[in-house]
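The values are calculated or read from the model by the stated rules, or taken from the named source; none is laboratory data. Treat the numbers as computed from the prediction; the structure is a model and nothing was measured. Heads up, the Cβs are rebuilt from the backbone with ideal geometry, glycines too, and the neighbour counts pull from every protein chain shown.
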Amino acid sequence: MDAGGAGSEADVVVIGAGLAGLVAARRLAEAGRSVIVVEARDRVGGRTVNHELRDGAVAEGGGQWVGPTQDRVLALAEELGVETFPTYYEGKNLLDLGGRRRRYGGTIPRLSPLVLLDVDRARRRIDRLARTVPTDAPWRAPDAERLDTETLGAWVRRNVRTERARSLLEIACGTVWGMPSAQMSLLWALTCIASGGGFDALVDTEGGAQQDRLVGGSQLLSIRLAEGLGKAVVLGSPVRTIEQDGGGVGVRADGGPIRARRAIAAIPPSLCARIRFSPALPGGRDQLVQRMSSGAMTKCTAVYEEPFWRREGLTGEAVTDRGPIITTFDNSPPDGSPGVLVGFIAGPAAIEHARRPVSERRRVALGCLEALFGERAGHASAYFEQAWAEEEWSGGGPVCSPAPGALVAYGEELRRPSGRVHWASAETSPVWCGYMDGAVRSGERAAREVLDAEGWSPGR
Ligand SMILES: Cc1cc2nc3c(=O)[nH]c(=O)nc-3n(C[C@H](O)[C@H](O)[C@H](O)COP(=O)(O)OP(=O)(O)OC[C@H]3O[C@@H](n4cnc5c(N)ncnc54)[C@H](O)[C@@H]3O)c2cc1C
């Protein structure tokens, strides 16, 4: 089959070769269906991407960590022969708040008891609220409307008294969603938290979402999936139009038209607005898409001859309100050579950072690392950035979030198929929503949906 060439045909066309789309395609192919995956970029992996360092070592520019209970992405890694290794986490973390730098062990920094109490109380309250939210239907949570129309920022102002505790929660919000808490529906934040099993699961390294990494980099999952699909994956072919009629769907992509029985759009919800649908999407779906917006996040990677901070008893993990970098991690390959620090810039600060000239960006980011880890951090042998808000085919990252009020009004449209078009993407998963694990689960769910809808399911 000349996939993507003039007049290509398949049982199912998948739009987007990120984890969700490639997993959906693999499961459909396993069920004996023909499939074509159309990808806008000239690479697979979407919001995951590897950067080559040296001697085959890689550091990731996008999604990278996996952790306990992320069973579907871990099962996929095993299926594809991709191993995991623990994130380096020996020694002390750094906390740099209000111009004062401290070392601390574990999740609890050394702060005044008042601040600690404040953070701890907020975490427990958030978890208590999150437990009331059914992640497959958050709009059915008791008090859903109130929770959805309040922002996370307003809740923090009402419930958290000390400035330092508020700063810490703002940094957590930026790192997890790439958005200021003032733009974030409390109900959506609670949904994501509940989908991962609690606040600590999202922010912790040991025992949490940052616990482990993938040998060879997270993009290797998509690369292996695409290898398995062979010529069925068409790169460099943005989909511009999706048409449907009684008999099937027609997709117009730059690489040529494709006809199929059904389509799976495995793209971030916000990017659906850039595709023309004929007939137009149902109003509810369109309204939802108009209210889903992506966070902004830039990952700054600094490479050193060795991870010098380890000898100084530091994990490489830091939280800082100095800006523009707000959190850092040791991102060295499994053998620690070369040493790699990664720093996150989130929200409007990421947009502002992108406006700086390239040399200035490097200077600013290394200046932040130097303020945290000392002079050696300022002398990186290599430096690169991945600015997701500047990427046409992501439109930001790490995740799209509905505007306050939209989840209750239109949340049901997230997964509801629009005729013959089915929706996948990390945002649609009730488990580990917004994460690679959620993306894998969404691909599996969308494949099942299509097989069921066409009566192709095994045993039917
Ligand atoms: C900076 C950052 C850090 C992150 N950290 C983590 C982490 O540590 N752990 C974790 O689990 N998750 C993390 N994530 C989130 C994780 O990367 C995503 O949830 C996951 O990769 C999303 O997969 P997806 O398949 O749903 O979407 P995507 O990866 O966005 O895939 C969608 C694909 O569709 C393509 N596309 C878009 N429009 C079109 C079109 N019109 N036609 C054809 N193709 C199109 C895109 O090019 C893309 O390849 C992070 C993300 C970012 C950006």
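Taking the stated definitions as given, is GLU306 within 30 Å of ILE108 (Cβ to Cβ), surrounded by fewer than 20 Cβ atoms within 10 Å (Cβ to Cβ) and of a type in the set (D, E, K, R)? It would help to see each step written out before you state the result.
Numbers: within 30 Å of ILE108 (Cβ to Cβ): yes; surrounded by fewer than 20 Cβ atoms within 10 Å (Cβ to Cβ): yes; of a type in the set (D, E, K, R): yes.
Yes; evaluated as a whole, the condition is true for this residue.
Looking at the stretch 48-76, I want the residues that are without any contact (Cβ under 8 Å) to a residue 12 or more places away in the chain and have a partner that is within 14 Å of the ligand (Cβ to nearest atom) and assigned to a loop (DSSP other than H, G, I, E, B) with Cβ atoms under 7 Å, at least 6 apart or on another chain. Which pairs are those?
Once the first residue is without any contact (Cβ under 8 Å) to a residue 12 or more places away in the chain and sits in the stretch 48-76, no partner that is within 14 Å of the ligand (Cβ to nearest atom) and assigned to a loop (DSSP other than H, G, I, E, B) comes close enough.
Filter the stretch 241-271 down to the residues that are in contact with a Gly (Cβ under 9 Å, 6 or more places away or on another chain) and under 18 Å from MET292 (Cβ atoms) and list them by number.
Across the stretch 241-271, the qualifying residues are ILE242, ILE264, ALA265, ALA266, ILE267, PRO268, SER270, LEU271.
What number of residues within the stretch 294-303 satisfy the criterion of being within 14 Å of the ligand (Cβ to nearest atom) and either surrounded by fewer than 24 Cβ atoms within 10 Å (Cβ to Cβ) or farther than 19 Å from GLU360 by Cα (or both)?
Of the residues in the stretch 294-303, 4 are within 14 Å of the ligand (Cβ to nearest atom) and either surrounded by fewer than 24 Cβ atoms within 10 Å (Cβ to Cβ) or farther than 19 Å from GLU360 by Cα (or both).
Within the stretch 41-57, which residues are within 8 Å of the ligand (Cβ to nearest atom) and crowded, with 23+ Cβ neighbours inside 10 Å?
VAL44, GLY45, GLY46, ARG47, THR48
Being buried (at least 20 other Cβ atoms within 10 Å of the Cβ) and of a type in the set (Gly, Ala, Ser) is the filter; apply it to the stretch 58-107 and report the residue that is nearest to the ligand (Cβ to nearest atom).
GLY63
Quick one: ARG110 ticks every box in (1) modelled with pLDDT of 95 or more; (2) at negative phi; (3) in a loop (DSSP other than H, G, I, E, B) bar one, so which box is it?
(1)
List every residue pair whose Cβ atoms lie under 6 Å apart, where the two residues are 6 or more positions apart in sequence or sit on different chains, the first residue falls within the stretch 92-111 and is β-branched (Val, Ile, Thr), and the second residue, located anywhere, is buried (at least 18 other Cβ atoms within 10 Å of the Cβ) and not in a loop (DSSP other than H, G, I, E, B).
none
Of the residues ALA446, ALA439, which is within 16 Å of the ligand (Cβ to nearest atom), outside any loop (DSSP other than H, G, I, E, B), among the hydrophobic types (A, V, I, L, M, F, W, C) and touching a strand residue (DSSP E or B) at 6+ places or on another chain (Cβ under 7 Å)?
On the way: ALA439 fails: touching a strand residue (DSSP E or B) at 6+ places or on another chain (Cβ under 7 Å).
The unique qualifying residue is ALA446.
Can you say whether ALA209 is part of a loop (DSSP other than H, G, I, E, B) and either farther than 15 Å from GLY16 by Cβ or away from the ligand (no atom under 12 Å from the Cβ) (or both), as far as the supplied structure shows?
yes
What pairs come up if the first residue lies in the stretch 166-189 and is free of Cβ contacts under 8 Å to residues at least 12 places away in the same chain and within 14 Å of TRP155 (Cα to Cα), the second is aliphatic (A, V, I, L, M) and in a loop (DSSP other than H, G, I, E, B), and their beta carbons are under 9 Å apart, counting only those six or more places apart or on different chains?
Filtered contacts from the stretch 166-189: ARG166/VAL160.
Is it the case, given these coordinates, that ALA403 is within 21 Å of GLY295 (Cβ to Cβ), buried (at least 24 other Cβ atoms within 10 Å of the Cβ), of a type in the set (A, V, I, L, M) and within 18 Å of the chain's Cα centre (by Cα)?
Here the answer is no, as ALA403 does not meet what is asked.
For the stretch 288-312: of the residues being in a strand (DSSP E or B) and among the small types (Gly, Ala, Ser), which is nearest to THR48 (Cα to Cα)?
SER294
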